[in-house]
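Note sheet for the following structure.
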Amino acid sequence: MSSSSKNEDNSSASAMQHELGFGTRAIHVGSDPNKETGAVIPPISLSTTYKQDAIGVHQGYEYSRSGNPNRDALEQTLASLESGGAYALTFASGCATTATILQSLGPNAHILSVNDVYGGTFRYMTRVGTENQGLETTFMDLEEADDETILSAIKPNTKLIWIESPTNPTLRLINIRRLSSLISPLANRPLLLVDNTFLSPFYSSPLLLGADIVVHSLTKYVNGHSDVIMGSLILPSHHQLLYQKLRFLQNAIGAVPSPYDCWLAQRGAKTLHLRMKAHGINALKVAKALEESPYVEEVIYPGLKSHPRHELAYDSLSAHARKFVDSLPSSVRVDGFPYGGMVSFRIKKGGSNSSGEAAERFLTSTKLFTLAESLGGVESLAEHPARMTHGSVPEAEREKLGITGSLVRLSVGVEEAEDLVEDVLRALDSACGGNVAAK
């Protein structure tokens, strides 16, 4: 489809988001009934090429790498779901999204990145980007750094600030609004990017907080069923030129998702609002149970009242998430509020076992939490960041970040909460065997 046509469609989707609720947009935007058959669900368009009535005269499509009905439909949905969004692009993976954005910066650019960043992003920045385009990255604790420290790290060639909030896997919270305000007066203001994968468009709206680009691994919550590898980026309406540049690279590099994967991801997005509510409620209950366990050293879940950045977590909620949270009964809110489905915790040593050994025993003792990488599916997953998702980060750097042998990351699914709590507590007892001091 032509760029101008897509812009009009995405702008229409953007306008609808001010009139329709999140769940309504998820179900309807980009999902009009098929004009030819009346099919309520968009058909899968597998064709790689499209008939032209004359040279350059067609119905919006020429070659499927450049444009496909299923990809266009999904991108319309995503631009609508990410509040403040007007344009969306999808890619064959989250890493392909990262690569395309970083390649768009050109040679010898500088990036300021949060230090606790996804291992694949760290690998691209420090290996691929550095070796292939002279990319330089400064990693900084953007949760704790003061204004002067942040501003002093910005160079004349700093083109991008990369944020995850919460970070993966230690769930640090970055004040996006504060950072946007801080760099706003700069003559050479870099772009502000937020990886919103952990919270999804349901719990957080970074574009409304001042971000220029939002990225997602659609593999995770948006698709939600652990059967698609895909990534995306979403831009606000004032970044039309940036959108056109990135769309050119999407086509030129060619790391595009398949029509079938786009169809699956769009189907998954239709239930995002329902799943995220369930993920959040379950995660809060699991986090509280962990907090009360004598086998746990620390629980990291910003939704817990005991979390030091609990207030920032609430302030960062999207409008629709805050409406959901505020509507919950006091019996749910007594321990905090739902804030996504990711929980990390540090397990205590079990008897003669090290904390790393205790963590592995825990991970191999759960019955409902599957030991596996990734996150955001309907099923519950558990992993050991130091040896799995963040294995590419040097050990010394991991230690500084708190990604130690005792750290366990949970992706809390949408099973029955009491079953998940029982599974976690039983696995802790099996791993630690009553051989640790009570809290």
Task: Qualifying position, being outside any helix (DSSP H, G or I), among the hydroxyl-bearing types (Ser, Thr, Tyr) and open to solvent by 10 Å² or more (accessible area, probe 1.4 Å), among 126, 130, 197 - done: 197
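I'm trying to understand the selection: among the residues of segment 152-174, which are small (Gly, Ala, Ser), surrounded by fewer than 21 Cβ atoms within 10 Å (Cβ to Cβ) and in contact with a Leu (Cβ under 9 Å, 6 or more places away or on another chain)?
Residue satisfying the conditions is 153 alone.
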Task: Considering residues of segment 84-119 that are among the hydrophobic types (A, V, I, L, M, F, W, C), in a loop (DSSP other than H, G, I, E, B) and open to solvent by 10 Å² or more (accessible area, probe 1.4 Å) only, the residue farthest from residue 22 (Cα to Cα) - done: 105
Open item on the list: Restricting to segment 128-179, name every residue that is without any contact (Cβ under 8 Å) to a residue 60 or more places away in the chain and on the phi > 0 side of the Ramachandran plot.
Closed with: 134
Task: Filter pass, residue 75 being open to solvent by 30 Å² or more (accessible area, probe 1.4 Å), charged (D, E, K, R) and touching a strand residue (DSSP E or B) at 6+ places or on another chain (Cβ under 8 Å) - done: no
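Please verify whether segment 241-249 includes one or more residues that are under 10 Å from the mean Cα position of the chain (by Cα) and either of a type in the set (Phe, Trp, Tyr) or under 26 Å from residue 323 (Cβ atoms) (or both).
Start the filter on segment 241-249 by keeping residues that are under 10 Å from the mean Cα position of the chain (by Cα), which leaves none.
No: segment 241-249 contains no residue that is under 10 Å from the mean Cα position of the chain (by Cα) and either of a type in the set (Phe, Trp, Tyr) or under 26 Å from residue 323 (Cβ atoms) (or both).
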Open item on the list: Tell me which helices (runs of 4 or more DSSP H) are completely within segment 256-357 and hold 2 or more residues being open to solvent by 50 Å² or more (accessible area, probe 1.4 Å) and over 19 Å from residue 418 (Cα atoms), or say none if there are none.
Closed with: 259-269, 310-315, 319-326
Open item on the list: Kindly evaluate residue 330 against the criterion of being hydroxyl-bearing (Ser, Thr, Tyr) and free of Cβ contacts under 8 Å to residues at least 24 places away in the same chain.
Closed with: yes
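The values are calculated or read from the model by the stated rules, or taken from the named source; none is laboratory data. Bear in mind the structure is a predicted one, so any value in this text is a computation, not a measurement. Positions of Cβ are backbone-derived with ideal geometry, glycine not excepted, and every protein chain shown enters the neighbour counts. With ligands, DNA and RNA removed, areas are computed over all heavy atoms of the protein, side chains included. Shrake-Rupley method; radii C 1.70, N 1.55, O 1.52, S 1.80 Å.
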